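Working notes, beginning with the structure itself.
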Amino acid sequence: MKGKFYGIGVGPGDPELLTYKAVRILQEVDCVAVPVTVKDKESTAHKIARRFISPEAVLLEIDFPMTRDRACLEEAWQRARGVVQEKLDRGQDTAFLTLGDPMLYSTYIYLYYHLEQAGYAVTTVPGITSFSAAAASAGVPLAFGDERVALLPGAAAQELTAAELSAFDTLVLFKVARCYKCILELLEAGGRLGGSVLVMSCGHPEEKIITDLKAVSGDELSYFSLIISRKEPVLECQNH
């Protein structure tokens, strides 16, 4: 029999935010695959979950380059599928760790579709997203009543007009480090800067919550930085 494949969301950084289901599976599987990059050779996802992984499990480090080059990414995904399939074909249950939730901006998605279509048994275990954890840490509600929320990478937000952005009561902007200056200009032009909060490395020991977004520069931001922007200043949320 072929092994089962699990996509495990480990949350944003705090190990205590893993679900019971995630912990149980990590203690039962034969292999655990972790994505690594040149900048993150130790794997952030593995650091978060390692205390829960069975000591008998085989650790599979899979290189994923930090690039937008489609050909380079396709090659990396193909290598990852090959490594995982080899274990599954041997009957070994294998879990793939991913930050946050497996179905939101995750490398796991590419493995999920391929393996499911190839006939393997696949189970996805959801994880707490970075933006929900950030909202909790910063004390900023994501939505009231029928309010509209948009989840956007920073680069995608730059492509929208001020009118399009104003259609949403809350904006959650990911991957803002590389385009931070432009994002600030966009928020200021839309009158949203006062209702915005920057959360860096949420769930990690070095977590920072910043309400004065102009007090920092893009060079100071880590990869794990996001902005939650509401139309009204954060302090006015309590009046709802």
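The values are calculated or read from the model by the stated rules, or taken from the named source; none is laboratory data. What you see is a predicted model; the values in this text were computed from it and never measured. We place every Cβ from the backbone using ideal geometry, glycine too, and count neighbours over all the protein chains shown.
Annotation: of all residues in the stretch 15-37 being at pLDDT below 95 and farther than 11 Å from residue 95 by Cβ, the one that is surrounded by the most Cβ atoms within 10 Å (Cβ to Cβ) is 35.
Each residue in the stretch 3-18 was checked for being under 22 Å from residue 134 (Cβ atoms) and either in a loop (DSSP other than H, G, I, E, B) or out of contact with any strand residue (DSSP E or B) (no Cβ under 7 Å at 6 or more places or on another chain) (or both), and 7 pass. For the stretch 179-228, filtered to residues that are out of contact with any Gly (no Cβ under 7 Å at 6 or more places or on another chain) and basic (Lys, Arg), the residue that is surrounded by the most Cβ atoms within 10 Å (Cβ to Cβ) is 192. For residue 21, indicate whether it is assigned to a helix (DSSP H, G or I) and within 20 Å of residue 222 (Cα to Cα). In short, no.
Counting just the residues of the stretch 38-51 that are assigned to a helix (DSSP H, G or I) and over 16 Å from the mean Cα position of the chain (by Cα), which one comes out surrounded by the fewest Cβ atoms within 10 Å (Cβ to Cβ)?
Within the stretch 38-51, the first condition is being assigned to a helix (DSSP H, G or I), and the residues that meet it are 44-51.
Applying the additional criterion that residues be over 16 Å from the mean Cα position of the chain (by Cα) yields 50-51.
Details: 50: 17, 51: 10.
Of everything passing the filter in the stretch 38-51, 51 is surrounded by the fewest Cβ atoms within 10 Å (Cβ to Cβ).
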